[in-house]
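Report on the following structure.
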Amino acid sequence: MVRLIAFDLEGTLVKSVSSWVELHKKFGTWEKGKEYAELFFAGKIDYVEWADLDASLWKGHTQEEIMEWANSVEYMEGARELIEFLRANDFKIAILSSGLMCLAGRIARELRVDYVFANELIFDENGIVTGKVNPLVDFKSKGTILRELKEELKPELTIAVGDGYNDLSMFREADVSIAINPHEGVEGDHNVESLYEVMDIIKGLLEERGQ
């Protein structure tokens with residue numbers, strides 16, 4: 001019997017708000033990055049263009065510099081305990097992030113999750129940022145990714161946990177959605193303030209099913 005849970009990453013499992021914003025701040029490119037974000041939200045460029053424009057500002061920086069930031073990001077309280085509980089209760093665990101794989105991959109390895117989807121900065125053979133991105137998770141596609149995972153795994157229960165507007169598409173694909181400290185206008189079936197509350201909700205769901 002398979003169960004599936006999909007997590008947003010930043011603001012949900014870890015304390016980073018946005019890989020993109022935090023790297024802009026690290027590299028001093030936030031002013032230009034903000035302009036590109038405004039173009040995207042005004043509908044003047046698509047997500048792929050936005051990602052490439054952002055990454056072009058970091059061209060010449062090193063993978064080592066990027067990982068220095070990624071390795072500094074801390075977990076939300078209760079993240080490790082929640083993942084251990086889920087694994088003990090037959091959940092397949094996915095991270096769906098519209099942030100960057102440099103962070104998502106690190107967290108996926110450390111927590112030993114089953115699936116991880118995020119956007120990949122492209123480096124050359126010397127580990128230098130090329131200014132290009134492989135945009136695997138655009139602003140709307142979390143729902144598509146979760147639907148494909150459901151088709152593959154055929155879970156008897158699917159849960160989605162996130163905090164932002166781009167998590168709503170995966171909320172719609174889930175049997176149960178949980179919004180943690182949600183942004184304005186974002187609501188799940190349950191709205192909570194901590195990962196411990198997420199665990200309590202899931203315990204309740206399993207008890208209802210007599211499991």
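Scanning the range 17-54 for residues that are touching a strand residue (DSSP E or B) at 6+ places or on another chain (Cβ under 7 Å), assigned to a loop (DSSP other than H, G, I, E, B) and closer than 15 Å to Val133 by Cα yields nothing. Among the residues making up the range 17-44, those that are surrounded by fewer than 16 Cβ atoms within 10 Å (Cβ to Cβ) and over 18 Å from the mean Cα position of the chain (by Cα) are Lys25, Gly28, Glu31, Lys32, Lys34, Glu35, Glu38, Leu39, Phe41, Ala42, Gly43, Lys44. Listed conditions (1) outside any helix (DSSP H, G or I); (2) closer than 14 Å to Ser98 by Cβ; (3) at pLDDT below 95 are all met by Met1, apart from (2).
In the set (1) among the β-branched types (Val, Ile, Thr); (2) open to solvent by 10 Å² or more (accessible area, probe 1.4 Å); (3) closer than 18 Å to Lys142 by Cβ, Val14 fails one condition alone, (2). Of everything in the range 23-51 that is in contact with a Lys or Arg (Cβ under 9 Å, 6 or more places away or on another chain) and over 20 Å from His61 (Cβ atoms), the residue that is modelled with the lowest pLDDT is Tyr47. If you go through the range 164-186 and keep only what is modelled with pLDDT of 95 or more, in a loop (DSSP other than H, G, I, E, B) and among the charged types (D, E, K, R), you end up with just Asp175. So for the range 78-87 (the condition being among the aliphatic types (A, V, I, L, M), modelled with pLDDT of 95 or more and under 22 Å from Gly143 (Cα atoms)), does at least one residue qualify? Yes, the range 78-87 contains a residue that is among the aliphatic types (A, V, I, L, M), modelled with pLDDT of 95 or more and under 22 Å from Gly143 (Cα atoms). Scanning the range 163-198 for residues that are touching a Pro at 6+ places or on another chain (Cβ under 8 Å), under 20 Å from Leu86 (Cα atoms) and of a type outside the set (D, E, K, R) gives Gly188, Asn191.
Hey, among Val161, Val129, which residue is in contact with a Phe, Trp or Tyr (Cβ under 6 Å, 6 or more places away or on another chain) and farther than 20 Å from Lys92 by Cα? Give the derivation first.
On the way: Val161 fails: farther than 20 Å from Lys92 by Cα.
Being in contact with a Phe, Trp or Tyr (Cβ under 6 Å, 6 or more places away or on another chain) and farther than 20 Å from Lys92 by Cα holds for just one of Val161, Val129, which is Val129.
The values are calculated or read from the model by the stated rules, or taken from the named source; none is laboratory data. Worth saying up front: this structure is predicted, and the values here are computed from it rather than measured. Cβ: placed from backbone, ideal geometry, glycine included. Neighbour counts: every protein chain shown. Note: areas computed on protein heavy atoms with side chains; ligands, DNA, RNA excluded. Shrake-Rupley method; radii C 1.70, N 1.55, O 1.52, S 1.80 Å.
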